[in-house]
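Below is one structure, written out as structure tokens; the observations come after it.
The values are calculated or read from the model by the stated rules, or taken from the named source; none is laboratory data. All of these numbers come straight from a predicted model, not from anything done at the bench. When we count neighbours, we look across all protein chains shown, and the Cβ atoms used for this are built from the backbone with ideal geometry, even at glycine. Remember, those area values only see protein heavy atoms, side chains included, never the ligands or the DNA or RNA. Shrake-Rupley method; radii C 1.70, N 1.55, O 1.52, S 1.80 Å.
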Amino acid sequence: VLYCVVDLHSLTVHQHPHTVRQNIRDMAISLMACGVDPDKSILFQQSKVPQHAELAWILGCKTPVGILDRMTQWKAKKGQIDGGTGYLGLFSYPVLMAADVLLYRTSHVPVGDDQLQHLELTRHIARTFNKTFGTDIFPEPEPILGEVTRVMSLRDPLRKMSKSDQSLNSRIELTDADDVISKKIQRAVTDTIRAVSFDPEERPGVSNLVSMYAALTSQSPYDVCQLMEGKDTSQLKSELVDCITATIGPIRVKIAELRTNEEFVVQKLNKGCCRAEELASESFSGIKTLIGI
């Protein structure tokens, strides 16, 4: 299993170089705190393996502009940047994502439903490349979807929960203290109906909380609704707080521990980069041969 800290993708949003460097370490720390064992898997920094960017260029030469222009996230985000025109990096980042996946001839990718369109583009790029060069070098990767495929903002349940949201109350951070988590959940937007039900279109706020509860307890949203029968949304929020704090508590402790030894984290990342580049070099060599360079 490969876990890639996608620092090149993060450059689509302008950040201070110190922030970029710290975010790379923080992401690695978070993954390790959540249970990723860098000795049993490959945890690495994307930009340290140059074949990612090289393959993105090659694949970009075979990807129609029209397909990229139809990407939902491009259309949503370009209007927020530079007078609505956007930047090339944001426009073409789905091709880099495809390169991240195809470079290792990946068979399965865990995604949320907001990334399904990009994964389908990856499959299209793989199919086009294979047909163009008469090969089967790239498999068409399949998505791995959980029961809950997207977590929405606590302040605006029609938008995805995101670290880039300016409101800290819109999301739960892995480093949030228990009392902070409780306040955020208690203030989460719901509606005037007291009963608990799952209807993302009619009751997006409550449905989001039900989805979070379901994901944390390995149930379906409908199982959670049965469990909450006879209870109201305030009780749902209270029980959800208990679930979140029980899950995040040990992760928060591990994050604090790893932050006291960032040199260890960097060493693990560097080791993962060496292992990833070995795989990437072998794969990319075959790709270069196929296209004649």
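Quick one: how many residues across segment 213-255 are outside any helix (DSSP H, G or I), touching a helix residue (DSSP H, G or I) at 6+ places or on another chain (Cβ under 9 Å) and at pLDDT 95 or above? Matching residues across segment 213-255 total 2. Ala188 fulfils the conditions (1) farther than 15 Å from Leu158 by Cα; (2) part of a loop (DSSP other than H, G, I, E, B); (3) not aromatic (Phe, Trp, Tyr) except for a single criterion, (1).
Counting only residues that are under 13 Å from the mean Cα position of the chain (by Cα) and surrounded by 16 or more Cβ atoms within 10 Å (Cβ to Cβ), segment 157-182 holds 2 of them. Leu88 meets each of the listed conditions (1) aliphatic (A, V, I, L, M); (2) modelled with pLDDT of 95 or more; (3) farther than 21 Å from Leu258 by Cα apart from (2). Taken together, the residues in segment 11-25 that are buried (at least 17 other Cβ atoms within 10 Å of the Cβ) and hydroxyl-bearing (Ser, Thr, Tyr) amount to 1. Scanning segment 95-116 for residues that are farther than 21 Å from Glu282 by Cα and surrounded by fewer than 16 Cβ atoms within 10 Å (Cβ to Cβ) yields Pro110, Gly112, Asp113, Asp114, Leu116. For Thr190, indicate whether it is in contact with a helix residue (DSSP H, G or I) (Cβ under 7 Å, 6 or more places away or on another chain), at pLDDT 95 or above and of a type outside the set (Lys, Arg). The answer is yes for Thr190.
Scanning segment 62-79 for residues that are part of a helix (DSSP H, G or I), open to solvent by less than 40 Å² (accessible area, probe 1.4 Å) and closer than 20 Å to Ser164 by Cα turns up Gln73, Trp74. Cβ-Cβ distances below 6 Å connect the following pairs, each with a first residue in segment 212-239 that is within 22 Å of Met161 (Cβ to Cβ), a second residue that is in a helix (DSSP H, G or I) and open to solvent by 70 Å² or more (accessible area, probe 1.4 Å), and a separation of six or more residues or different chains: Lys237/Gln186.
Within segment 94-114, residues that are under 18 Å from Leu55 (Cα atoms) sit with their Cβ atoms under 7 Å from residues that are part of a loop (DSSP other than H, G, I, E, B) and open to solvent by less than 30 Å² (accessible area, probe 1.4 Å), at 6+ positions apart or across chains, in these pairs: Pro94/Met71; Val95/Thr63; Val101/Pro141; Leu102/Phe138; Arg105/Phe138; Thr106/Pro141; Ser107/Pro141.
For segment 119-148, which positions are part of a helix (DSSP H, G or I) and over 30 Å from Met212 (Cα atoms)? Within segment 119-148, His124, Ile125, Ala126, Arg127, Thr128, Phe129, Asn130, Lys131, Thr132, Phe133 qualify.
Restricting attention to segment 256-282 and to residues that are open to solvent by less than 20 Å² (accessible area, probe 1.4 Å) and touching a helix residue (DSSP H, G or I) at 6+ places or on another chain (Cβ under 6 Å), the residue that is farthest from Ile24 (Cα to Cα) turns out to be Ala280. Taking segment 13-38 as the search range and keeping residues that are without any contact (Cβ under 8 Å) to a residue 24 or more places away in the chain and in a loop (DSSP other than H, G, I, E, B), which one is nearest to Val266 (Cα to Cα)? Among them, the one singled out is Asp37. Being surrounded by fewer than 18 Cβ atoms within 10 Å (Cβ to Cβ) and either out of contact with any Leu (no Cβ under 7 Å at 6 or more places or on another chain) or of a type in the set (Gly, Ala, Ser) (or both) holds for only one residue in Leu145, Leu154, and it is Leu145. Taking the conditions exactly as written (open to solvent by 50 Å² or more (accessible area, probe 1.4 Å), within 25 Å of Gln73 (Cβ to Cβ) and not basic (Lys, Arg)), does Glu201 satisfy them or not? For Glu201, the condition - open to solvent by 50 Å² or more (accessible area, probe 1.4 Å), within 25 Å of Gln73 (Cβ to Cβ) and not basic (Lys, Arg) - is met.
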